[in-house]
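The values are calculated or read from the model by the stated rules, or taken from the named source; none is laboratory data. Keep in mind that this is a model prediction, so the values were computed, not measured. Backbone-built Cβ (ideal geometry, glycine too); neighbour counts: all protein chains shown.
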Amino acid sequence: MIPALILVPIVAAALSLIIRHDNLRRVLFVSAALTHSGLTFVAWSCTPEAILNGWLMLDAPGLLFLSITSVLFLAASFYAVGYLNFEKKQEKQDFEDGSFFTNTPEAIFIACLLAFLATMTIVTVSQHLGLLWVAMEATTLATAPLIYFHRHHRSLEATWKYLLICSVGIAIALLGNFFLAVAASKTGGQDTRLLLSDLIQQGNTLNVPWLRAAFLFFLVGYGTKMGLAPLHTWLPDAHSESPSIVSALLSGALLNCAFLAILRSHQVLSAAGQSEFSSSLLIVFGLISIIWAAVFILGQTDYKRMLAYSSVEHMGILALGVGVSGAAAFGAMLHVVNHSLTKGMLFFVAGNILAAYKTKASKDVRGIIGIIPASGVLWLAGFAAIVGLPPFGIFLSEFTIAKAMFEQHRTGIAIAYLAVLALIFISMSRIFLNMAQGKAPQGIPAQAGSETIFNILPPALLGVTTLIFGLYIPPFMNTALHEVAKAIGGF
Amino acid sequence: MDNSIDTIMVLLVLMNLMLLGLSSLGTCIRVVAAQGITLGILPLVIHGGIFDIRLTLFSAAIVGLKGIVFPLLLSWAMRDVNAQREVEPFIGYGKSVIAGPLALAVCMWLGSRLPLPLDIVSPMVMPVAFFTIMCGLFLIVSRKKALSQVLGYIVLENGIYTFGMVLAEKQPLLVELGILLDVFVAVFVMGIVIFHINREFDHIDTDRLSSLRS
């Protein structure tokens, strides 16, 4: 089963490079995404066997992150069909400076998307920290061409920043891997392998100073990729310049993968009795991230960048939740699910808005409800979901985390957390509501035809799912989330 | 044996110092290539000339990649660059060269503070690895040209690799090859992006890539 999960996207990627017919390639793309999510669905009922001496195995955290990735990718593949169709007809003129550009060939774009899915799948199933590193770096390389889909100078700049900053970050995580290998080496007898299960089992034999140093490098290295402030500088550029479908995947799936890598090292530190050290670092980075994001959302004039900074905020909340631990770990895991669904939805809708208005400046977008009604409604619903209004899922997960903070008498952190969330709520409501309401500017033709099933159904379904998770968490998911929370030191 | 390891370490330090002071992009590429070849020999020297097919192949892969493929790739990317072939530092060569030995001293001190818990091949390896990493990071942040940033990335990777060599046997082959492959593809993709930057802007100065703000 695990080989199938990895091979399906790889084979489909290879095929999509060969196939010459656009429609056939799109059918292949969607069916590969369908097969992948089908396999993931089966993995919930029967745990797949470990392969390669336990190097590749689906444990509870892996399965959770794999499922999020797979569902989001399925939604994205469906959205992509409509998007690529639209792009084909679209005049390739830059709306900011009027220059002409071309797109990356569709075959390469789809192949890179599928390769991206394959590498993320390897991240979620790998139990060996070295292999995990290799897969993480591979995600960077698979996504670089995706950001450069519209071949103009701004996307090129974003691609360069992304490639260089993330590669350097991941290189630092490699140093963390070597430090961990030092921590696991013994002067006499067998060294501990870098397999997660071995490291956890022999946690108390690891060399503490080197282990701590290793965690620091992991946090800085993978934290760069995850978008924890102040290491997030690539993130707003990459998210605002890439096509919306890529932004959705970067935000909802890739950042999670980097988070999973940090969770793995946190698991090792907890096993070695050093969870206090790693938790306090996670809390510090988490707080910095939400505060930093709040400051930049406050004066934001570009709605895609606003969504990108919102991702920085939510990654901060995740780090904070895991750091606080206890019941907050459960809240953080629920938050991973809800954030991915909501952010995917918002980026898809942002894509619709961009297609209709041809601007990313939020002040030039007015009256979405009048021009593209379905997207307008989804935009408002997405706003309610992302800022954590009940009854959406994010409300429940943010509330769980805040409650756990009070229960553990971490009142200072809780107050800072709630104050920043309130600030973000205020600044976001100004942007979102102004965009949705009002009178549409002159020159925007009524585009009733531009809303199709392809660009409305995926965000709508994602939104409905996060709404359901706010009202009712199915028992199987509840069990799974508790299991993951237990694995990372909570309950 | 210790002698030859130390010789290699000294060579690495000298090459790093050279990179800090060099102005010509072409020469920089050649120095980085020489550094790659030196590193490729390192695993063979560490294991004291005992013939091991796995180790030999690994060495050959590194020499081939860092000594031949990367320089060719980067020279290709540089071929069409119209701008002057100078690295154009933000921080002058003089200051860079002075900063070098200072950083080396800090790394030596750091190396003495963090003793390795295993039998170490040479006490020089740790400080030199750290110094190479620092030089790599310095080259990335202090040079304007996209190409010199890639060179900085390779130097950074060389430093990490030097450290990894201490643990040569601790990493499974699959992971080692995966790391090499990733680095190869990374430099390859960076080369392509530089090619595009050059075509789009007629220059590869990253400080002029500044239309995206906050």
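If you go through segment A:257-304 and pick out every residue that is within 14 Å of chain B (Cβ to nearest Cβ), surrounded by fewer than 20 Cβ atoms within 10 Å (Cβ to Cβ) and hydrophobic (A, V, I, L, M, F, W, C), you end up with 3.
In segment A:100-123, the residues that are within 30 Å of A:Met57 (Cβ to Cβ) form Cβ pairs under 8 Å with partners that are part of a strand (DSSP E or B), at six or more places apart or across chains, as follows: A:Ile122/A:Leu56. Tell me whether segment A:79-96 contains one or more residues that are under 29 Å from A:Phe476 (Cβ atoms), at pLDDT 90 or above and not acidic (Asp, Glu). Yes, there is a match, as at least one residue in segment A:79-96 is under 29 Å from A:Phe476 (Cβ atoms), at pLDDT 90 or above and not acidic (Asp, Glu).
Applying the selection to segment A:83-112, what residues are assigned to a loop (DSSP other than H, G, I, E, B) and among the acidic types (Asp, Glu)? Give the derivation first.
First pass over segment A:83-112, keeping only residues assigned to a loop (DSSP other than H, G, I, E, B): A:90-92, A:94-99, A:101, A:104-105.
Result: A:Glu91, A:Asp94, A:Glu96, A:Asp97.
Determine which single condition A:Ile147 fails, assuming it passes every other condition in (1) of a type in the set (A, V, I, L, M, F, W, C); (2) within 25 Å of A:Asp97 (Cα to Cα); (3) touching a strand residue (DSSP E or B) at 6+ places or on another chain (Cβ under 9 Å). Tallying (1) of a type in the set (A, V, I, L, M, F, W, C); (2) within 25 Å of A:Asp97 (Cα to Cα); (3) touching a strand residue (DSSP E or B) at 6+ places or on another chain (Cβ under 9 Å), A:Ile147 fails exactly one: (3).
Within segment A:159-170, is even one residue buried (at least 24 other Cβ atoms within 10 Å of the Cβ), on the phi < 0 side of the Ramachandran plot and touching a Pro at 6+ places or on another chain (Cβ under 9 Å)? Yes, there is a match, as at least one residue in segment A:159-170 is buried (at least 24 other Cβ atoms within 10 Å of the Cβ), on the phi < 0 side of the Ramachandran plot and touching a Pro at 6+ places or on another chain (Cβ under 9 Å). Looking for something surrounded by 16 or more Cβ atoms within 10 Å (Cβ to Cβ) and among the aromatic types (Phe, Trp, Tyr) - is there at least one such residue anywhere in segment A:126-138? Yes, segment A:126-138 contains at least one residue that is surrounded by 16 or more Cβ atoms within 10 Å (Cβ to Cβ) and among the aromatic types (Phe, Trp, Tyr). Identify the single condition in (1) at pLDDT below 85; (2) more than 20 Å from the chain's Cα centre (by Cα); (3) in a helix (DSSP H, G or I) that B:Ile120 does not satisfy, given that it satisfies every other one. Of the numbered conditions (1) at pLDDT below 85; (2) more than 20 Å from the chain's Cα centre (by Cα); (3) in a helix (DSSP H, G or I), the odd one out for B:Ile120 is (3).
Consider A:Thr224 carefully, then state whether it is part of a helix (DSSP H, G or I), among the β-branched types (Val, Ile, Thr) and either within 13 Å of chain B (Cβ to nearest Cβ) or more than 30 Å from A:Phe86 (Cβ to Cβ) (or both).
On the way: part of a helix (DSSP H, G or I): yes; among the β-branched types (Val, Ile, Thr): yes; either within 13 Å of chain B (Cβ to nearest Cβ) or more than 30 Å from A:Phe86 (Cβ to Cβ) (or both): yes.
Yes: the conditions hold for A:Thr224.
Inside segment B:30-63, residues that are out of contact with any Lys or Arg (no Cβ under 7 Å at 6 or more places or on another chain) and modelled with pLDDT under 90 make up a count of 22. Criterion first (loosely packed, with under 14 Cβ neighbours inside 10 Å, modelled with pLDDT of 95 or more and in a helix (DSSP H, G or I)) does A:Ala419 satisfy it? Answer is yes for this residue.
Counting just the residues of segment B:128-145 that are surrounded by fewer than 22 Cβ atoms within 10 Å (Cβ to Cβ) and at the interface with chain A (Cβ under 9 Å from one of its Cβ atoms), which one comes out modelled with the highest pLDDT? Across segment B:128-145, the extreme among qualifying residues is B:Leu137. Checking each residue in segment A:170-194 for being closer than 14 Å to A:Val134 by Cα and in contact (Cβ under 8 Å) with a residue 40 or more places away in the chain picks out A:Ile170, A:Ala171, A:Ile172, A:Ala173, A:Leu174, A:Leu175, A:Gly176, A:Asn177, A:Leu194. Residues that are part of a strand (DSSP E or B) and either under 28 Å from A:His266 (Cα atoms) or hydrophobic (A, V, I, L, M, F, W, C) (or both) within segment A:287-326 comprise just one, A:Gly326. Cβ contacts < 7 Å: first residue touching a residue at least 24 places away in the same chain (Cβ under 8 Å) and more than 7 Å from chain B (Cβ to nearest Cβ), restricted to segment A:152-168; second residue part of a helix (DSSP H, G or I) and among the polar types (S, T, N, Q), any location; separation 6+ or different chain. Result? Once the first residue is touching a residue at least 24 places away in the same chain (Cβ under 8 Å) and more than 7 Å from chain B (Cβ to nearest Cβ) and sits in segment A:152-168, its partners that are part of a helix (DSSP H, G or I) and among the polar types (S, T, N, Q) give A:Ile165/A:Thr224; A:Cys166/A:Thr140; A:Cys166/A:Thr224. Note on segment A:433-449: residues that are more than 11 Å from A:Pro373 (Cα to Cα), in a helix (DSSP H, G or I) and modelled with pLDDT under 75 total 1.
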